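Student: My questions all concern the structure below.
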Amino acid sequence: MKKSFFIIAFSATTSTFAQKIEIGAKGGANFSSFTTTQTWVAAHVNTLIGFQAGGFCSFFLDKNSNVCLQPEVLFSTQGVELIEKSSLNAPFVEDDIHLYYLNFPLILKLRFDVGFYAEFGPQFGLLLGQKSKSIDLIPKSTDLSATIGAGFQTKKGLGFGARYTAGVFNTGDYKPGIGIVPVYKNEVLQLSIYYTIFTNQK
């Protein structure tokens, strides 16, 4: 009798808890680049393809709420294909700059009854490493971005999303040979697929 009571109580508690949160894993492709307002810089930037993967937890106001706060932890490969003229008489130098971040987005998500959602929020990043051959870039150890996105989640917990992140501060100390110090910021378009448990979808 006592064993049955604990089983029922545990099941009821788990059910109530599950209606208030979602836990999930996600991954997908990154299309990253750098942005700059200094158009006179003698360099061209092209998109670099990478990936992101990690997990998240969505906290809802109550079991009937369509609004949630969603912290995430994502490993993200970013960077740019940068083509630079190192001096006035030198040929162009081409290099892929790879930056590896552990990102912590804090997303406010508004979900509609039909399954679509909109989201926005800040993202804090920790630099884990970088790889480049010839471009003189000393990346900063941290990064801050603003994010905005949208997507669709099924009642089974499978979801698809697109998110744009724009860096707030300079990516690092960049010193090209021509003596110009441009301001470059991270820019990433993310396409992801994810799956949740304890789904709160109506």
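The values are calculated or read from the model by the stated rules, or taken from the named source; none is laboratory data. Worth saying up front: this structure is predicted, and the values here are computed from it rather than measured. All Cβ positions, glycine included, derive from the backbone under ideal geometry; neighbour counts span all protein chains shown.
Student: Quick one: which residue in Lys26, Lys20 is at pLDDT 95 or above, surrounded by 15 or more Cβ atoms within 10 Å (Cβ to Cβ) and touching a Ser or Thr at 6+ places or on another chain (Cβ under 9 Å)?
Tutor: Result: Lys26 is the single residue among Lys26, Lys20 that is at pLDDT 95 or above, surrounded by 15 or more Cβ atoms within 10 Å (Cβ to Cβ) and touching a Ser or Thr at 6+ places or on another chain (Cβ under 9 Å).
Student: If you don't mind, another one. Which residue pairs have Cβ atoms under 6 Å apart, sit 6 or more places apart or on different chains, and have a first residue in region 26-41 that is assigned to a strand (DSSP E or B) and among the small types (Gly, Ala, Ser) and a second that is modelled with pLDDT of 95 or more and surrounded by fewer than 17 Cβ atoms within 10 Å (Cβ to Cβ)?
Tutor: Close Cβ pairs (under 6 Å, with a partner that is modelled with pLDDT of 95 or more and surrounded by fewer than 17 Cβ atoms within 10 Å (Cβ to Cβ)) amount to Gly27/Ala53; Gly28/Leu191; Gly28/Ile193; Ala29/Phe51; Ala29/Leu191.
Student: Among the residues of region 111-126, count how many are surrounded by 14 or more Cβ atoms within 10 Å (Cβ to Cβ), over 13 Å from the mean Cα position of the chain (by Cα) and modelled with pLDDT of 95 or more.
Tutor: 1
Student: Report, by residue number, each residue of region 57-86 that is closer than 20 Å to Leu191 by Cα and surrounded by 16 or more Cβ atoms within 10 Å (Cβ to Cβ).
Tutor: Correct list: Cys57, Ser58, Gln70, Glu72, Leu74, Ser76, Thr77, Gln78, Gly79, Val80, Glu81.
Student: Taking into account only those residues within region 114-163 that are in a strand (DSSP E or B) and hydroxyl-bearing (Ser, Thr, Tyr), which is farthest from Leu99 (Cα to Cα)?
Tutor: Residue satisfying both the conditions and the ranking: Tyr117.
Student: State whether the residues of region 144-160 include one that is touching a residue at least 24 places away in the same chain (Cβ under 8 Å), farther than 17 Å from Ser58 by Cβ, of a type in the set (A, V, I, L, M, F, W, C) and buried (at least 16 other Cβ atoms within 10 Å of the Cβ).
Tutor: Within region 144-160, none of the residues are touching a residue at least 24 places away in the same chain (Cβ under 8 Å), farther than 17 Å from Ser58 by Cβ, of a type in the set (A, V, I, L, M, F, W, C) and buried (at least 16 other Cβ atoms within 10 Å of the Cβ).
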